[in-house]
1. Over 20 Å from I302 (Cβ atoms), buried (at least 23 other Cβ atoms within 10 Å of the Cβ) and modelled with pLDDT under 95, is that true of T333?
2. Taking only pairs six or more apart or across chains, which ones have beta-carbon atoms under 8 Å, a first residue in the range 309-326 that is small (G, A, S), and a second residue that is modelled with pLDDT under 95 and surrounded by fewer than 21 Cβ atoms within 10 Å (Cβ to Cβ)?
3. Can you confirm whether the range 274-285 contains a residue that is at pLDDT 95 or above, closer than 26 Å to F419 by Cβ and either hydrophobic (A, V, I, L, M, F, W, C) or not assigned by TED's automatic domain parsing to the domain that holds L348 (or both)?
4. Pairs needed: first member in the range 140-166, without any contact (Cβ under 8 Å) to a residue 12 or more places away in the chain; second member anywhere, more than 10 Å from the ligand (Cβ to nearest atom); C-beta distance under 7 Å; at least 6 residues apart or different chains.
5. Based on this model, can you work out whether V26 counts as in contact with a Cys (Cβ under 8 Å, 6 or more places away or on another chain), in a strand (DSSP E or B) and over 30 Å from R280 (Cα atoms)?
6. Kindly indicate the residue of the range 120-146 that is among the small types (G, A, S) and surrounded by fewer than 19 Cβ atoms within 10 Å (Cβ to Cβ) and also nearest to the ligand (Cβ to nearest atom) among those meeting that condition.
7. Do you know which residues across the range 408-427 are polar (S, T, N, Q), more than 16 Å from the ligand (Cβ to nearest atom) and in a loop (DSSP other than H, G, I, E, B)?
8. Condition test on A181, is it outside the structural domain of V82 (by TED's automatic domain parsing) and crowded, with 16+ Cβ neighbours inside 10 Å?
Amino acid sequence: MRITVLGSGYVGLVAGTCLSVLGNDVICLDLDELKIEKLRQAVLPIYEPGLDSNVAEMVKVGRLRFTSKYEEGVAHADIIFVAVGTPQAKNGAADLSFIRAAAAGVGRHLVKKSIIVIKSTVPVGTAHMVKEIVEGELASRQRTDVQFAVVSNPEFLREGNAIQDFMRPDRIVIGSDDAWAVEIMRRIYAPLSRNHDKLLVMSPRSAELTKYASNAMLATRISFMNELSRFAEAAGGNIEDVRRGIGEDSRIGRHFLYAGAGYGGSCFPKDVRALVSAGRSLGIDMSILAAVDTVNNQQKTILFEKIASFFASRGGLKGKTIAIWGLAFKPDTDDVREAPSLALIERLLSAGAQVRAYDPIAVHTAKTALGSTDLVTFCSSAYEALAGADALALVTEYREFRTPDFDRIAASLTEKAVFDGRNLYARADLEAAGLHYFDIGRGNGV
Ligand code: UDX
């Protein structure tokens, strides 16, 4: 099939590339000419394992092309996927200006029967709004004869795992009131639904809400466990044992129950706030989700609080140096949006400390996020970050941090303290090396 994907950010590039791998003839359309020029040479604006080689391969075989011109992109396609950004506006709501611009751009150039598929995460009612914008553009061009359908098809990709998630989805949500459009969507996704039908067909509004509900549910589980980890710490209990104890109940399940330094990324924080804000405008008090956001903001300060309390009896944090392992909001991505590491670094610097940071992938994005400062030294290895440091904070659970040399860590750190924001280590190993060890809710505090 002939497909155009509008917006070459994270979702658009992954979807466009995977759709071309599935045999479709795909054009990725983005107004950023520099980005398009680089993509033509298979230089990607984001890091995602396996994406660069797939892009290069699909470009080589001619099933993936890039353009910055609406007329070319829209004329090419029978199906137009919209994957533009929906950033957070000042009031917490989703900012739909890119969606509106994309709908108008498509409407201005639509010449044949098409399906407009919304992949971006958008508030309930957006498919309806897109339909009205496109109808308006067609009417002003006196082309109301051009038939089109708007379908909501949210994505559930995880960064770092996006290709696998696209190719082996748990479910494919299709929100549409048009039977002919559903049939075409079924054909597009047929290669991913071979053994059993993964398509869940519903109204566009239900599909839009399903996306928010998924992320909000997962975020709720994490905040719930983070809150309980504080309880466990205060009352004397081990949150990891509690996690196993509840996770084995099949009604609860094992996933997304890990207490840690707080969730980050481009989805959970933004989507939880957008749903709270959308509820407010409908007169619904989304008190559970508002609390999920509040608990997460508190959780992002937990490592700092532990570090500050440790150093309180050691002359305070002024003039101290803290090594940080992991800057990205999770492993295998260069994304530092809403990352707990940034919240920690800001607090450490305000308390007069310096930072030596290492991340295998995300140093360049962290540098941009933090702006120029002499107080943060970016290092090129985990052990280099320890040189001259007083303590170590582990913020992102990269595989290379899992089994470090604890004797070497102890020899490097002046105050011999490790703050583990992901419960990666066993206390006995660190204490055997002469290290002070602080984790999240595994019974330290009592
Ligand atoms: C998420 C959803 O999983 C995905 O379906 C959606 O399309 C986009 O948002 P992503 O943001 O890439 O994906 O990351 P994810 O792996 O879900 O992790 C989100 C955050 O939660 C990370 O900061 C992670 O460290 C944290 N987390 C996750 C926990 O703190 N505990 C857990 O048990 C799981």
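1. yes
2. Hits for this filter: zero, empty list.
3. no
4. Every condition considered, the pairs that remain are T144/L138.
5. For V26, the condition - in contact with a Cys (Cβ under 8 Å, 6 or more places away or on another chain), in a strand (DSSP E or B) and over 30 Å from R280 (Cα atoms) - is not met.
6. G125
7. Within the range 408-427, just T414 meets the criteria.
8. Answer is no for this residue.
The values are calculated or read from the model by the stated rules, or taken from the named source; none is laboratory data. None of the values given here were measured: they were computed from a predicted structure. Counting neighbours? That spans all protein chains shown, and the Cβs are built from the backbone with ideal geometry, glycine included.
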